[in-house]
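The values are calculated or read from the model by the stated rules, or taken from the named source; none is laboratory data. Remember, predicted model here, so these are calculated numbers, not experimental data. Reconstructed Cβ throughout: ideal geometry from the backbone, glycine too, with neighbour counts over all protein chains shown.
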Amino acid sequence: MIGKGVDIGANCFIARGSMSNTIIGSGPKLDALVHIAHNVSIGSNCELTAGTIIDGSSSIGNYSWLGVNSTLKDNTTIGDHVIVRAGEMVISNVPDDDIVAEVPAKSIKHKVKTDTKFLRAGQRNEESSNSKLE
């Protein structure tokens, strides 16, 4: 099942569910060469960049971003608002609002020493979208 407003890039593969449906929520953006295996669930407004591989029976929460050539191992869950650095192999569950890097992927959120928001491609900063042009 594919929700509304899903962008699917060139040469993507989305496997049909075998034991349960493969579900893509509303609004995700799939770049070129994304592979989504069987029984996967992807939440709303996620971004999967080029070469991302999601193994079977995995789950991705809402508003998460997976970097170029990242891989999510089978039966793994990523929470909401998660950032996965490019090229990473996620082999264990990732909680909400986390940032993961390294191989295998582990949390690096504690290393981020800034209050600056991380903006994913295509996402607008609330302050700039609320400001008026003069």
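Does S70 count as modelled with pLDDT of 95 or more, touching an Asp or Glu at 6+ places or on another chain (Cβ under 8 Å), under 23 Å from A15 (Cα atoms) and of a type in the set (G, A, S)?
Values: modelled with pLDDT of 95 or more: yes; touching an Asp or Glu at 6+ places or on another chain (Cβ under 8 Å): yes; under 23 Å from A15 (Cα atoms): yes; of a type in the set (G, A, S): yes.
So S70 fits the description; yes.
If I ask for residues that are over 16 Å from C46 (Cα atoms) and either without any contact (Cβ under 8 Å) to a residue 12 or more places away in the chain or of a type in the set (G, A, S) (or both), which ones from segment 1-28 would you list?
A10, A15, G17, S18, S20
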Residue that is surrounded by the most Cβ atoms within 10 Å (Cβ to Cβ), among those in segment 11-59 that are at positive phi and either in contact with a Leu (Cβ under 6 Å, 6 or more places away or on another chain) or in a strand (DSSP E or B) (or both): G51
Counted residues, segment 90-134 - those being hydrophobic (A, V, I, L, M, F, W, C) and either surrounded by fewer than 14 Cβ atoms within 10 Å (Cβ to Cβ) or at pLDDT below 70 (or both): 6
Given (1) β-branched (V, I, T); (2) buried (at least 18 other Cβ atoms within 10 Å of the Cβ); (3) assigned to a loop (DSSP other than H, G, I, E, B), number of the condition V68 does not satisfy: (2)
Subset of segment 1-10 that is surrounded by 13 or more Cβ atoms within 10 Å (Cβ to Cβ) and part of a strand (DSSP E or B) - its residue that is farthest from the chain's Cα centre (by Cα): I2
Number of the exception - G87 against (1) buried (at least 17 other Cβ atoms within 10 Å of the Cβ); (2) over 16 Å from I14 (Cβ atoms); (3) among the small types (G, A, S): (1)
Residue match in segment 70-78 (condition: aliphatic (A, V, I, L, M) and over 17 Å from T22 (Cβ atoms)): no
Search result, residues across segment 59-82 that are of a type in the set (D, E, K, R) and touching a residue at least 24 places away in the same chain (Cβ under 8 Å): D74, D80
